[in-house]
Amino acid sequence: METIAKKINENMSIYEILTTYPYLIGLFKENGLDKFEKPEILEKLGPLLKLKTPLSMMGVNKEMFVDLLNRSVDEHEKGGDFTLSKNPERQKDLTMLALLPCGLKMPFSRAFEAFAAEYNKTHSNALKYLLEGNVNHELSYYQYIDSIESFEELPDIIISSDINSFYHQSFRQRFLEKKGFAGPPFEKLHADFEKIDFEDPDRQFSMLSANLLTLVSIDDLLEGKPAIESWEDILKPEFQNSVVMRGQAEFFCNGVLLPFYALFGMDGVMDLARSVRTGVHPSEMVKMVDSGKSDVAPLYIMPYFFARKIKSKERISIRIPKEGAMVSPVQMLVKKSAQDRLGEITDFLCSVEFGQLCADAYFPSVHPEVRNATSHIERLYWLGWDFLKRNDIGKLKKDMEEVFMKAFRETGGFV
């Protein structure tokens with residue numbers, strides 16, 4: 001490993017890294033450095049920028065990111081790496097697949113890879129796993145999940161983020177209704193989550209953590225605007241083109257759209273589209289807020305993890321509307337057929353030590369003994385299991401997308 005660690009260092013240029021190892025662009029994108037995916041930007045700015053410069057600007061831990069890059073190179077050269085978006089069928093060979101929210105991926109990777117190294121020393125069958133960012137697979141991998149037919153096509157353990165295809169009617173009918181997944185390991189959840197009935201009553205999903213979505217305002221840009229106490233307040237005509245949320249060309253975050261639908265109906269989704277000016281990665285939102293410019297949007301729907309990264313704290317408020325911070329779940333599915341065989345792995349993932357790692361990254365844990373750094377956020381909004389089972393989530397997403405994008409374009413929204 002010593003020689004591998006020397007392949008990439010923080011003083012190398014972006015151009016040198018991505019031309020030598022082009023497959024690393026996925027890791028760059030997960031950490032808000034997606035601009036270098038464009039050849040013209042890579043060739044113009046890449047040779048001039050050392051890796052450490054944008055990482056410092058983004059507040060990304062340099063040592064952890066460089067280590068992540070080198071480990072990815074190592075796996076790729078061993079032939080053990082593959083691109084999930086291009087080869088989703090290969091997931092069946094994995095012991096564990098984890099699709100994680102930005103902010104949790106690096107600490108999760110470090111902890112799990114240390115565990116896997118020890119695990120592989122004492123087990124004849126090597127632990128095969130893939131850890132990737134959830135944001136890269138909204139329009140690729142999850143579409144593949146909608147098409148699979150058998151448990152054999154799935155990894156033994158799946159960790160995923162947001163309300164994704166595992167909640168769609170097709171997956172529910174083919175898999176969840178067959179009761180093929182092991183139940184959650186906790187007798188009761190952390191008090192932060194117990195009050196919102198976060199535990200799956202059917203004991204199929206094991207909830208691990210959550211990405212809490214908050215509303216960040218640039219207060220001096222809100223002068224003359226209505227007061228904001230509810231999520232519904234940002235739907236008022238006075239806030240047209242005033243909001244930024246996570247999105248890209250034809251996709252906007254379901255972790256935001258679904259709660260707005262549940263709270264305010266399809267009219268609420270339409271009104272939200274009129275309020276949204278643009279869709280970007282949360283790391284880009286942080287840069288917008290910290291730019292000090294007066295022509296940026298005044299409101300940002302972003303994860304609490306990213307809200308804490310804003311440096312211009314005197315200029316902003318992190319708001320928790322009266323309905324609560326929106327809960328975007330981090331959940332696990334474990335095949336019953338593998339439950340006993342992989343008990344050591346699931347015990348690790350459900351341990352207080354691992355839960356504390358999530359909590360320290362501002363992703364609160366469901367483990368009852370963990371000290372959550374977000375416990376001061378008293379109000380949480382969770383869609384609820386009745387909503388998730390009552391609605392055809394896959395169809396609802398498509399309907400929302402059609403309504404949202406039409407109103408978004410009509411009112412001058414852009415990406």
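Some values worked out for this structure:
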read-out	value
Anisotropy class of region 308-411 from Cα gyration tensor, a/c 1.5 cut	oblate
Cubic angstrom per residue, convex hull over Cα atoms of region 255-304	83 Å³
Cα pair distances exceeding 43 angstrom across the chain, given as percent	9 percent
Approximate spin-label separation residue 19-residue 111, in nm, with each point projected 7 Å along Cα-to-Cβ	3.9 nm
Qualifying GluC sites (Glu not before Pro) in region 313-387, DSSP loop, other Cβ atoms within 10 Å at most 14	369, 378
Value of Rg/Rh across region 90-169 [Cα atoms, Kirkwood radius]	0.99
Cα-only radius of gyration and Dmax that characterise region 228-387, units Å	18.1, 58
Within the chain: Cβ-based charge dipole about Cα centre, in debye rounded to nearest 20 (Lys, Arg +1; Asp, Glu -1)	460 debye
Dipole magnitude of region 2-71, debye to nearest 20 (Cβ charges: Lys/Arg +1, Asp/Glu -1, about Cα centre)	80 debye
Label point at residue 375 placed 7 Å out along Cα→Cβ; residues across region 342-365 whose backbone nitrogen lies under 14 Å	356, 359-360, 364-365
Theoretical FRET efficiency, 1/(1+(r/R0)^6), r = Cβ-Cβ of residue 341 and residue 11, R0 41 Å, to 0.05	0.40
Sorted peptide list for 289-301, 120-132, criterion being average Cβ within 10 angstrom, highest first	289-301, 120-132
Sequence of 55, 104 once ranked by neighbouring C-beta atoms within 10 Å, starting from the fewest	55, 104
Helix-only mean residue ellipticity at 222 nm for the chain, each DSSP H run of n ≥ 4 adding -39500 (n - 2.57), per residue, nearest 500	-10500 deg cm²/dmol
Region 288-395 - percent relative contact order, Cα under 8 Å, separation 6 or more	27 percent
Cross-link table 335/395; 236/309; 105/188; 322/389; 44/311; 335/406, entries beyond 31 Å C-alpha to C-alpha	335/406
Listed residues 156, 192, 267, most fluctuating in the chain (Gaussian network, C-alpha, under 10 Å)	267
Column: log10 I(q)/I(0), Debye, Cα scatterers of region 2-71, q = 0.16, 0.20 Å⁻¹	-0.47, -0.76
GNM flexibility winner over the chain from 198, 239, 186 (Cα, springs under 10 Å)	186
Whole-angstrom gap from region 357-415 to region 325-340, using each part's C-alpha centre	16 Å
Karplus-derived HN-Hα couplings along region 258-264 (A = 6.51, B = -1.76, C = 1.60, θ = phi - 60°), whole Hz, x at Gly and Pro	5, x, 5, 5, 4, 7, 10
Positive-end residue, region 105-211 charge dipole about Cα centroid, Cβ charges, pick of 186, 157, 114	114
Mean-position separation - Cα centroids, region 215-271 and region 145-188, in angstrom	31 Å
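Here, each number is a calculation from the coordinates, and none is a lab measurement. Since this is a predicted model, take the numbers as computed values, not measurements. Counting neighbours? That spans all protein chains shown, and the Cβs are built from the backbone with ideal geometry, glycine included.
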